[in-house]
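Worksheet: the structure to be examined is printed underneath.
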Amino acid sequence: MTDSLFSPMTIRDTEIRNRVMMSPMCQYSAEEGLATDWHRVHLGSRAVGGAGLVMAEATAVEPRGRITPEDLGIWSDEHAEALAPIAEFVAEQGATPAIQLAHAGRKASTTRPWDEGGPLQPDEGGWETIAPSDVPYPFENPPKTRRMTKGDIDDVIEAFADAAERALDAGFEVAEVHAAHGYLLHEFLSPVANERDDEYGGSFENRTRLVREVVEAVREVWPDDKPVFVRISGTDWIDDRPSWDREQSARLGPLLIEAGADLIDVSSGGIHRDQDLPHAGPNYQVPLAEAVRREGEVPVAAVGKITEPEQADALVRNDRADLVALGRELLRNPYWTLEAAHELGVDVEWPPQYRRGRFE
Ligand SMILES: Cc1cc2nc3c(=O)[nH]c(=O)nc-3n(C[C@H](O)[C@H](O)[C@H](O)COP(=O)(O)O)c2cc1C
């Protein structure tokens with residue numbers, strides 16, 4: 001039987017009720033990294049709205065790994081405790097609670113997008129960032145970026161593993177390692193940001209070493225019955241210099257599975273301002289996900305301008321993706337999944353409190 005948008009999917013022993021994944025979206029609404037009521041409503045309402053998997057935003061594994069001071073964090077038990085009721089509520093609604101574990105690398109220490117999103121200097125509450133090389137992100141007047149020592153690399157691997165342990169304690173069932181969008185792990189993958197000449201730079205094997213080690217460390221603490229995802233940028237969209245591209249992504253997929261991941265969530269871009277992004281129309285990143293799925297023979301999530309029920313359903317039916325992640329469309333409509341089921345003629349369970357709102 002052909003799978004469709006409303007087919008459940010079992011990864012390891014975790015069943016996801018349908019293929020709709022809420023894409024991780026930073027809300028810049030945490031207090032000292034602690035989740036607030038905003039996160040509870042934001043994530044909770046998409047679970048009420050029928051999504052199969054609800055992914056909490058990029059959550060920093062250490063304070064200097066935050067994009068902004070208002071980012072969510074999971075570097076202490078107190079942070080996990082603040083997230084626990086949210087994961088519990090999401091699970092109670094029948095959705096799979098998931099969390100993206102992140103380190104912003106040289107793109108850390110900025111202000112929120114609605115406060116201009118520019119670099120935040122140390123005297124304004126910003127901090128020195130860390131990266132594979134001491135080359136800052138091409139912001140105007142970026143804060144200082146320091147090349148990571150081997151000790152820093154070991155600390156980051158440990159921070160991801162500790163964060164995963166806390167995420168598990170908080171009740172999350174899926175951990176996603178954020179290796180996309182020009183943040184720390186992507187900076188190691190891409191020669192655009194990685195100028196190292198040690199075992200973490202240069203060859204494909206060396207540039208992919210850190211992400212593989214992080215995934216292995218996360219897998220070690222994450223139970224066998226629960227999935228680990230990795231979000232990658234399928235390409236840097238940069239052609240005029242050595243960069244990260246589709247071929248390398250397809251090659252990386254099976255290596256990440258070998259390291260302990262179960263699904264690759266394929267986005268793109270973010271490594272440098274010079275990226276030459278194509279017109280970001282419907283399904284614009286799907287060919288990248290498809291390449292990873294076909295060439296690497298690994299399960300993938302597709303994301304990017306997926307907004308219509310038929311469009312999302314076709315991606316699963318035509319074996320182009322295993323999960324379909326929606327970002328901005330779910331910001332517009334938390335109940336998109338319930339509406340999509342109606343439009344596609346599929347009968348899905350509604351929360352009893354909302355049953356009188358069901359389509360007649
Ligand atoms: C407000 C906002 C915040 C985002 N934060 C994250 C994030 O924390 N982690 C991530 O991997 N992507 C993040 N993204 C990217 C989305 O997850 C998604 O990949 C992107 O918006 C494209 O999908 P869409 O066209 O369905 O919105 C963010 C996007 C938006 C709009």
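Extension gain for E205 to E158 (0.36 nm times residue separation, less C-alpha to C-alpha distance): 14.8 nm. With equal scatterers on the alpha carbons only and no solvent term, can you work out the Debye log10 of I(q)/I(0) for segment 197-338 at 0.21 1/Å? The Debye formula, applied to the Cα set alone, gives -1.32. May I ask you to give the percent of accessible area on the chain that is carbon plus sulfur, with a probe radius of 1.4 Å? On the chain, the fraction of accessible area on carbon and sulfur atoms equals 45 percent. Backbone geometry of segment 196-209 corresponds, through the Karplus equation with coefficients 6.51, -1.76 and 1.60 at θ = phi - 60°, to 3J(HN,Hα) couplings of 6, 10, 9, 6, 10, x, x, 5, 3, 4, 6, 5, 8, 4 Hz, x marking Gly and Pro. Residue farthest toward the positive end of the dipole of the chain, with Cβ of Lys/Arg at +1 and Asp/Glu at -1: which of P97, A302, T110? Of the candidates, A302 comes out farthest on the positive side. Normalised by the number of residues in segment 162-307, the average gap of Cα pairs under 8 Å and 6 or more apart makes the relative contact order 24 percent. Each Lys and Arg adds +1 at its Cβ and each Asp and Glu adds -1 at its Cβ; summed about the Cα centre, segment 9-357 shows a dipole of about 800 debye. By the rule of a C-alpha distance below 29 Å, with chain neighbours fewer than 8 residues away ignored, the lysines paired with K144 are K107. Model label points for R40 and R332, set 7 angstrom from Cα along the Cα-to-Cβ axis, are 3.0 nm apart. Per residue, the accessible area of segment 15-87 comes to 30 Å² when a 1.4 Å probe rolls over the protein heavy atoms. Taking the centroid of alpha carbons for each part, segment 318-335 and segment 115-191 are 26 Å apart. A Förster distance of 45 Å, applied to the separation of the beta-carbon atoms of N141 and R294, puts the FRET efficiency at 0.55.
The simple spin-label model puts a point 7 Å past each Cα toward its Cβ; for E32 and E88 those points are separated by 2.2 nm. Across segment 1-158, the convex hull enclosing all Cα atoms gives 152 Å³ per residue. Computed from Cα positions, the angle between helix 286-296 and the longest principal axis of the chain comes to roughly 80 degrees. Counted over segment 49-147, the DSSP beta bridges are approximately 10% antiparallel.
Could you sort the peptides 187-197, 8-18, 115-125, 147-157 by per-residue average Cβ neighbour count (10 Å cutoff), highest mean leading?
Details: 187-197: 21.8, 8-18: 16.7, 115-125: 13.1, 147-157: 15.1.
The packing order, highest mean first, is 187-197, 8-18, 147-157, 115-125.
Hey, how much of the P(r) for the chain falls beyond 29 Å, as a percent of Cα pairs? Cα-Cα pairs in the chain separated by more than 29 Å: 36 percent. Taken as Cα centroids, segment 232-294 and segment 195-212 sit 17 Å apart, rounded to the nearest whole angstrom. Using the average count of surrounding beta-carbon atoms within 10 Å as a protection proxy, the listed peptides 210-220, 347-357 rank, highest first, as 210-220, 347-357. Across the chain, the relative contact order, built from alpha-carbon pairs under 8 Å that are at least six residues apart, equals 16 percent. Helical runs (DSSP H, four residues minimum) scored at -39500 (n - 2.57) apiece and divided by the length of the chain put the mean residue ellipticity at 222 nm at -10000 deg cm²/dmol.
Ranked by the mean number of other Cβ atoms within 10 Å of their residues, highest first, the peptides 31-41, 329-339 fall in the order 329-339, 31-41. Here the gap between E247 and E124, fully extended at 0.36 nm per residue and compared with their Cα-Cα distance, gives a gain of 40.2 nm.
The values are calculated or read from the model by the stated rules, or taken from the named source; none is laboratory data. As the structure is a prediction and not an experimental result, all values here were calculated from the model. Neighbour counts are summed over all protein chains in view; Cβ atoms, including those assigned to glycine, are modelled from backbone coordinates with ideal geometry. SASA here: full protein model, heavy atoms, side chains in, ligands and nucleic acids out. Shrake-Rupley method; radii C 1.70, N 1.55, O 1.52, S 1.80 Å.
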